[in-house]
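Report on one structure; see the data block that follows.
The values are calculated or read from the model by the stated rules, or taken from the named source; none is laboratory data. Keep in mind it's a predicted model, so treat the numbers as computed, not measured. Backbone-built Cβ (ideal geometry, glycine too); neighbour counts: all protein chains shown. The accessibility values were calculated without ligands, DNA or RNA, using every heavy atom of the protein model including side chains. Shrake-Rupley method; radii C 1.70, N 1.55, O 1.52, S 1.80 Å.
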Amino acid sequence: MTSRWGIWVLISLRSNDLRFYELRDSIQGISEKMLAQTLRALVKDGLVRREVEPTTPPQVTYGLTEFGQEIGEPLTDLFNRITQRLPPRSPG
């Protein structure tokens with residue numbers, strides 16, 4: 001797998017396909033450059049699929065492959081367990 005960002009991308013895509021900017025907005029702290037690199041690596045590894053609609057400009061949507069879904073399930077469970085045990089964040 002790729003960097004820690006790869007895990008966040010898999011978690012973000014677990015319920016539905018997203019476009020690039022929707023993904024960027026769902027992952028706090030990730031730059032566009034890092035998201036692009038992470039998506040390229042996840043597509044290459046067969047975890048994420050990239051669908052391009054032939055429109056002007058082209059619309060690109062990302063979603064989990066079957067392999068990505070298999071990997072994403074335990075990650076989601078782990079993510080949920082961790083966040084349930086963390087103390088609530090105080091505002092600001």
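See the values below:
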quantity	calculated
Test: Arg14 is at pLDDT 95 or above and open to solvent by 90 Å² or more (accessible area, probe 1.4 Å)	no
Selection count, the range 38-49, where residues are touching a Ser or Thr at 6+ places or on another chain (Cβ under 8 Å), surrounded by 13 or more Cβ atoms within 10 Å (Cβ to Cβ) and without any contact (Cβ under 8 Å) to a residue 24 or more places away in the chain	1
Selection from the range 61-92 of residues that are surrounded by 13 or more Cβ atoms within 10 Å (Cβ to Cβ), outside any helix (DSSP H, G or I) and of a type in the set (A, V, I, L, M)	Leu64
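For every residue, the table says whether it meets (1) over 17 Å from Trp5 (Cα atoms); (2) out of contact with any strand residue (DSSP E or B) (no Cβ under 7 Å at 6 or more places or on another chain).
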| position | (1), (2) |
| --- | --- |
| Ile27 | no, yes |
| Arg40 | no, yes |
| Val48 | no, no |
| Pro54 | yes, yes |
| Thr76 | no, yes |
| Pro88 | yes, yes |
